[in-house]
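Taken together, the values in this text are just the output of simple stated rules run on the coordinates, not laboratory data. This one's a predicted model, so the numbers in the text were calculated from it and none came from an experiment. So basically every Cβ, Gly included, is an ideal-geometry build from the backbone, and we count neighbours across all protein chains shown.
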Amino acid sequence: MIKKRKYRRLTLREREEISRFLAQGKSINDIAKAISREVSTVSREINQAGMNKYTYRAERSDRRSKRNAGKRKWGKCKLRASQKLWEYVKNKLALRWSPEQIAQSLKKEYPDERNMRISHEAIYTYLYVLPRGELKKRLLSMLRRERKRRHKRKNACRVERKLEDMLSIEERPAEVADRTVPGHWEGDLLVGKNRQSVLGSLVERTTRFTVLVPLRNKTAEEVRKEFAREMKYLPMQLKRSLTYDQGREMAEHKLFTRDTKMKVYFAHPASPWERGTNENTNGLIRQFFPKGTDFNKVSRREIKKVQDMLNGRPRKTLNWANPYEAYQQVLR
C-alpha cells in the first residue's frame, strides 16, 4: 500500500531558493524539480498576493504565509473540542432545527456555560468544511435546503450603476396602478441555462395579455429593438407605458420610448412586487420553460405557441375570461 505523502508548507529556505532561481531566469518546472516540489505549488507561490516572477520576494511571502496560518481556526473548532456541544448540535439537527435556532437555544439552556456557546455561522462552517464522506452527506441532509455546498452571500451594499434619466414608478399616473385604463405593460427577462440565454416577457396589466419576446442575448440594444418590434404590432391605445426593473438591459429606454411612444417607468431596486403582474406571469411561463431551459434551442415558433396557450387560458382575475377575450373587449 502506497502511503500518501502529507503536504508541507514551503519553508523560508525554499522560498529563498525560488527567489534566487527566478533571478537566474529559470523556469517554474526547473525550480520545482530543484526543490522537489509540485509545479502547481511553485506556480501558486510565485503568483500569490499580486506578485509575479519579477516581483516575488521570499521574506514577504513567508510573512504572509505565517500571518494567514494564524488566522486559520480549524484546530480551534468548538464542535471538535467539546463532545457535549457536538452531541447537542447533532441531536437538534436530527430534529430538523436550523443552525440559527440551535445557537439561540444554547444561550437559553446554558446561560452560564461559555463552552456551550457557538454561532450559527460556526455550525455551518463545520458542516460544510470539516466532515467527509457519508458523515457529511448525513449531516447536510438534516439542513432545510440540503445543499451540497454553501453559496456565497451577495453583498447587500453593492452599488449598481444607475440608468440615465430614469422615470421612477412613483411618477407613474394613477390610472396605471388601478388598472382603469388599458395599455400599461410590465416587462422582464427569464434567464436560461447557465445564464447563457434569455427570453423576454411583456404583460399588459389590465387584460393580462402576454407577449413572449425571443432574444439572442440580453444586451440593451437587443432588448430595446426586439421589445419595440413586438410593440409595433399593437394599436396605439394599447401602447401607453412600460414598467421595468432597473436592469442594465433597459439602458436604452429613451430610444425605446422614441421608437414606441411608450414611457418607461422603473421600479425600486429589489422590489419585484411593484411588477407583480409580470412576476406572476413569469411563474406561468416557467410551467412551459422550467429553470435550466436553454432558450437558444427553443424556436420562435415554439415560443409563440406557448404565448398563444397562455393567452387562451381562462383567468380567475378576468372572471374566467381569457386574455385574448379581454384584449378584444378593450378594442371595441
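Brief remarks on what is shown
- Computed from the C-beta positions of Glu171 and Gln329 and an R0 of 35 Å, the FRET efficiency is 0.75 to the nearest 0.05.
- Short to long, the 5 Å bins of the Cα pair-distance histogram for segment 12-65 hold 4, 23, 38, 27, 8 percent of all pairs.
- Whole-Hz couplings from phi, Karplus 6.51/-1.76/1.60, listed for segment 245-257; x for Gly and Pro: 7, 9, x, 5, 5, 9, 5, 9, 5, 5, 5, 4, 5
- Applying a threshold of 21 Å to the alpha-carbon distances of Lys263/Lys316; Lys254/Lys305; Lys232/Lys261 flags Lys263/Lys316; Lys254/Lys305 as lying beyond it.
- Note on Tyr233/Arg301: beta-carbon distance plugged into 1/(1 + (r/R0)^6) with R0 of 22 Å gives a FRET efficiency of 0.85.
- With the simple model of a label 7 Å out from the Cα in the direction of the Cβ, Lys291 to Leu318 spans 2.8 nm.
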